[in-house]
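Q: Right, I'll just put the structure down here and ask away after.
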Amino acid sequence: MVQTTKRTALTATSLSAALVLAACGGDNGENGEADAGQAETGGEFSTYLCEPQSLTPGMSTEVCGAGVLEQLFTGLTEMDYEANEPVAGVAESWESEDNITWTFELGEDWTFHNGEELTAQTFVDTFNWTVDPDNAQANAEYYDFIAGYSDVVEGEADELEGVSAVDDYTLEIVLEEPFGQLPALLSLVGFSPLPEAAYDDMDAFESAPVGNGRYEMDGEWEHDVQIVVNRFEEWSGEQPGAADRIEFRIYNDVSTAYQDVQAGNLDLLYNAPPENIPMMEDDFGDNQGSFETGTLTFLGIPTYQDDYADVEIRQALSMAVDRQEIIDNIFDGALTAAGSFLPPVLPEGREDACEYCEFDPERAASLYEEAGGASELTVYFNSGAGHDAWVEAVSNQWRENLPIDDVSFQSLEFAQYLDLLEEGEIEGPYRLGWTLSYPSAQESLEPMYSSTASRNYTGFASDEFDERIAQANAADADDAVEAYQHAEDILLEELPVIPMWFERQDVVWSENIDNVHITPRGLPQVERVEVQN
Amino acid sequence: MTGYIIRRLLQFIPVVIAATLIVYAMVFLMPGDPIRALAGDRPMSPQVQEALREQYNLNDPFLVQYAKYMWGVFTQADFGTTFQGRPVLDMIQQGLPITLTLAAVAFCFQAVIGIIAGILAAVFRDSFIDRLIQVSLVIVVALPTLAIAFLLQLTFGLNLGWFPIAGNREGMVSYILPGIVLAAVSTGIVARMLRSELIEALQSDYVRTATAKGMKRSRVVTRHALRNSLIPVVTFLGADLATMMGGAIVVESVFNLPGLGGQVFRSIQAQENTVVVGIVTLFVLFYVVINLLVDLLYAVLDPRIRYD
């Protein structure tokens, strides 16, 4: 109840109230609200969207769907991207003694857009439904840290042992292993609560999801055309959406969307096409920006192959690449050269932590020669995704700077490419990227490099690394930063992959809107966008 | 005539079966696992993948998959769904009107402008008008479709603001620019084709006879010469209307029209067999129907042709 009052006060009395609150200081939440500057609310705007694969939270694995679902649903927690920490969603508070048994206290005023009430049981039902293999939900794998997950997946149990409703507004989650990052993970759309209405008719739900988020659907998802949402006035959280109405316009082609922003037909495009990046400033003046994200592009190394088992070979390959030159020549400078594994957009990220990411051709050449590196190599990448030019540039630098005579290329369709990676039949460096589904150091390290991770295609297996990750996962929030960096240190030495660059999101917007922010995942925080006038 | 039409319609059956089988086989043979592609960088758990494969019959041998698909089509008009469960019939119902509108607008442009330009160029042969028409058509034919599209978007959409740049939210106006782009190359071909046919016809004996009988020039051109010259042009226009579906892939994408062309393109990338088969079969049907209509039109244009 307290929260609802706070929000009404803020939206009603605008700036002066915000100033007073800021002056009072003290409480974190209030400061956050004042900073966000709630002066401008109301109005409507349109934003670019790619056609989502799915609007069922458990099924949505890509950014197109996530962009909308994050507005339609509010999970137990939300991310505060400024502070990079989980904040209250449906859960007002949470605690855990041992990072294994977690108790979440839920707010009591939450309802779905159709009026259905949200209780702890809602989450229990949703989690069980999502994990049930019969429902084939793509995000089920995210639940694997919950006690009893494997029993459900293997058909030995119907419900997750580790999720239970203590009372109407208390949810208990028990994990297999200590995991301090749980509140951050739970902010993912894959953990969004589903209303009863969803189970009755999943197809109808898919075309007009009934959520509990800041915005509710206005009509159905018009495939390839648009998805329109209105602000949900009953929303119980602390920072409601700024605009009254958002139109997600679906485009096939970002170049077309760029022109539409120029012509004033579209208000926001969060991924301007590479060819327009040099003109962005001329075209849009102040209404454009380049935002760093946590998406890492790298060249993975099959350490299981004899030619690459030696760590010095991997270090030499990394040092022989002048990342900045490639970025300047091929990408018009629109990327950030990687000097670490943990992205600098995260508090854990340390720029230039990677000694062997510095361009040093002489050292690279002598190291490579000493280690007896192969004189021929094959580089792999997936075709049709714009990787040809830079992969070739990297290969040229290797030929130039290292005693390598010949580099050949293998490009395959993405599906086939992943098959090959999975089968462990790659014979040379391969291109891959990693986008953070939630902004956490754990997400950027564990799923990629731990020895048991399904996405670890490098064959890299280090007990020490696994152990340090486990320690970091078990650590309290205060110690976690250092603990994850400690784990990263091993990667910086071992280089199971060669970090190339972190992607930047080039964003343009119309004069109609203001206050544009981009998450580390590269999506705009449309709920914060303010409409002018 | 009726017998002929029935015979032609019966021929559709083997054509459709062969087309679906070939398309299905081609999509089936594409390397890589569609379920894997669905998950992207982040693989799904084996259990989920297995459940999806089971749901979409992907574990069956090719012929069984195909048979199950055709059985659904013929017994329940069930054209299958995407991997996200969206019915293909839905997609066709949404996309078809848009693609047909686009094709109709383009067809009007190329028929009307192409024929008028062709007649003018032939009648005023070697004059300034003829040269002007010829040169401008060569330029249009030589420019890549994409370049024309961006040029029109930039000029008439962005700078002048006369037409929307993308989407179809403004109704018919939205189809004018994409229609012109889709029609551009063919308009040039129609005009040049008609010009040379008409010039030849105007020099023939029957035209001289008609002129000698004192008939008005306009009547000689339209009733006598043009009617004969139009036969190859009509064949071309018909065939072109059918191939427009292919051109629509690019144009719909650039102008962001949610039609079938863009849909089939995305579905091929995602290896959505059922969508590709459904839409491509529709394109094939479209092609054979138009061919039938063109053949029937011959009889109207040239009374010597009879179908019995």
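The values are calculated or read from the model by the stated rules, or taken from the named source; none is laboratory data. Only a predicted model underlies this, so the values are computations on that prediction, with no experimental measurement involved. No Cβ is skipped: glycine too gets one built from the backbone with ideal geometry, and neighbour counts run over all protein chains shown. Protein only, heavy atoms only, side chains kept; ligands, DNA and RNA dropped before computing areas. Shrake-Rupley method; radii C 1.70, N 1.55, O 1.52, S 1.80 Å.
Q: Taking R0 as 41 Å, what's the FRET efficiency between residue B:239 and residue B:50 from their Cβ-Cβ distance, rounded to 0.05?
A: 0.35
Q: Using a probe of 1.4 angstrom, how much of the accessible area of segment A:294-504 is carbon and sulfur, in percent? Walk me through the numbers on the way to the answer.
A: Details: 3090 of 8120 Å².
The nonpolar share, carbon plus sulfur, comes to 38 percent.
Q: On average, how much accessible surface per residue is there in segment A:455-533, in Å², for a 1.4 Å probe, leaving out ligands, DNA and RNA? Write down the numbers at each step before the final one.
A: Details: 2960 Å² over 79 residues.
For segment A:455-533, the per-residue accessible area is 37 Å².
Q: May I pose another question? Expected output is a single nm value to one decimal: the length gained when fully extending between residue A:351 and residue A:370, i.e. 0.36 nm times separation in residues minus the C-alpha distance. What is it?
A: On the way: separation 19, 0.36 × 19 = 6.84 nm, distance 2.91 nm.
Here the segment from residue A:351 to residue A:370 would lengthen by 3.9 nm.
Q: Run the numbers on chain A and let me know its relative contact order in percent, using alpha-carbon pairs under 8 Å that are six or more apart.
A: Working: 1098 pairs, mean separation 97.6, N = 533.
Relative contact order, chain A: 18 percent.
Q: Only helical DSSP H runs with n ≥ 4 go in: add -39500 (n - 2.57) per run for chain A, normalise by residue count and round the 222 nm mean residue ellipticity to 500 deg cm²/dmol.
A: On the way: 19 runs with 182 residues, N = 533.
Result for chain A: -10000 deg cm²/dmol, rounded to the nearest 500.
Q: Kirkwood Rh and Cα-based Rg: tell me the resulting Rg over Rh for the protein assembly as shown, rounded to two decimals.
A: Radius of gyration over Kirkwood radius for the protein assembly as shown works out to 1.03.
Q: Something else about it: Is segment A:294-504 rounded, prolate or oblate when judged by the Cα gyration tensor, a ≥ b ≥ c being the square roots of its eigenvalues, rounded requiring a/c under 1.5 and prolate requiring a/b larger than b/c?
A: Values: a/c = 1.45, a/b = 1.43, b/c = 1.01.
Note, shape of segment A:294-504 comes out rounded.
Q: With a 1.4 Å probe and all protein chains left in place, how much of the accessible area of segment B:2-120 comes from carbon and sulfur atoms, in whole percent? If you can, show how the numbers build up before the last one.
A: Numbers: 4270 of 5820 Å².
C and S fraction of accessible area: 73 percent.
Q: Give, ordered by residue number, each residue of segment B:144-166 whose 1.4 Å probe accessible area is reduced by a minimum of 50 Å² on adding the remaining protein chains to the chain alone.
A: Residues losing area: B:158, B:165.
Q: In Å, what Rg and Dmax follow from the Cα atoms of segment A:412-483?
A: 14.3, 44
Q: A further question on this structure: On C-alpha positions alone, give me the angle between the axis of helix B:227-254 and the longest principal axis of chain B, in degrees, nearest 10.
A: 40 degrees
Q: Which residues of segment A:235-284 bury at least 10 Å² of accessible area once all protein chains are present, versus their chain alone (1.4 Å probe)?
A: Residues shielded by partner chains are A:249, A:250, A:251, A:252, A:253, A:255, A:256, A:259, A:260, A:262, A:263, A:265.
Q: Okay, next question. Pop a pseudo-label 7 angstrom from the Cα along the beta-carbon direction at both residue B:96 and residue A:423 and give the gap in nm to one decimal.
A: Using points 7 Å along Cα→Cβ, the separation is 4.1 nm.
Q: By DSSP, what percent of the beta bridges with both residues in segment A:294-504 are antiparallel, rounded to the nearest 5?
A: On the way: 13 of 21 bridges.
Percent antiparallel among DSSP bridges in segment A:294-504 is about 60.
Q: Taking 8 Å as the Cα distance limit and 6 or more residues as the minimum spacing, I'd like the relative contact order of segment A:353-454 as a percentage.
A: Dividing the mean separation by the residue count of segment A:353-454 yields 29 percent.
Q: Right, here's the next one. Any chance you could check segment A:115-133 for residues losing 10 Å² or more of accessible area when the partner protein chains are in, compared with the chain on its own (1.4 Å probe)?
A: A:133
Q: Further question on the same structure: Looking only at other chains, what is the average number of their beta-carbon atoms within 10 angstrom of each beta-carbon in A:144-155? Working shown, then result.
A: Details: counts 1, 0, 0, 0, 0, 1, 1, 0, 1, 4, 1, 1.
Counting Cβ atoms of other protein chains within 10 Å of each residue's Cβ and averaging gives 1.
Q: Express the relative contact order of segment B:38-133 as a whole percentage, based on alpha carbon pairs under 8 Å and six or more residues apart in sequence. Kindly include the intermediate steps, with their values, before the conclusion.
A: Values: 31 pairs, mean separation 9.8, N = 96.
Over segment B:38-133, the number comes to 10 percent.
Q: May I pose another question? Once whole DSSP H runs in chain A are found, which of them have Cα atoms spread over 18 Å or more along the helix axis and a mean Kyte-Doolittle score of at least -1.0?
A: On the way: long enough: A:2-24 (20 Å, 0.87); A:388-401 (20 Å, -1.15); A:477-494 (27 Å, -0.50).
TM-like helix candidates: A:2-24, A:477-494.
Q: Once all Cα-Cα distances of chain B are split into 10 Å bins that start at 0, what whole-number percent is in each one?
A: Taking every Cα pair in chain B, the percentages come to 5, 21, 25, 23, 15, 7, 3, 1, 0.
Q: If I take R0 = 51 Å and measure r between the Cβ atoms of residue A:121 and residue A:514 in this structure, what FRET efficiency does the formula 1/(1 + (r/R0)^6) give, to the nearest 0.05? Can you show the working numbers first?
A: Working: r = 41 Å, r/R0 = 0.81.
The pair residue A:121/residue A:514 has a calculated efficiency of 0.80.
Q: Okay, moving on. Could you give the nm distance between label points at residue B:169 and residue B:127, where each point is 7 Å from its Cα heading toward the beta carbon?
A: For the pair residue B:169/residue B:127, the computed spacing is 4.7 nm.
Q: Could you work out, residue by residue across B:91-103, how many beta carbons of other chains sit within 10 Å of that residue's beta carbon, and then give the average as an integer?
A: Values: counts 2, 0, 0, 4, 2, 0, 0, 2, 0, 0, 0, 0, 0.
Mean partner shielding for this stretch: 1.
Q: Within segment B:180-286, which trypsin sites (Lys or Arg not before Pro) sit in a loop by DSSP and count at most 16 neighbouring Cβ atoms inside 10 Å?
A: On the way: sites: B:192, B:195, B:208, B:213, B:216, B:217, B:219, B:223, B:227, B:266; in loops: B:213, B:216.
Answer in residue order: B:213, B:216.
Q: How much accessible area per residue does chain B have, in Å², with a 1.4 Å probe?
A: 48 Å²
Q: With a 1.4 Å probe on protein heavy atoms only, work out how much accessible surface A and B bury together, total over both chains, in Å² to the nearest 100. Let's see the in-between values first.
A: Values: alone 22230 and 16620 Å², together 35280 Å².
The buried area between A and B, both sides summed, comes to about 3600 Å².
Q: Report Rg(Cα)/(2.2 N^0.38 Å) for segment A:235-284, keeping two decimals. Mind showing how you got there, number by number?
A: Details: Rg = 14.1 Å, N = 50, 2.2 N^0.38 = 9.7 Å.
Ratio of Rg to 2.2 N^0.38 Å for segment A:235-284: 1.45.
Q: Ok, one more. Among B:250, B:207, B:284, whose mean-square fluctuation peaks in a Gaussian network model of chain B (Cα, cutoff 10 Å)?
A: Sorting by GNM fluctuation, first place goes to B:207.
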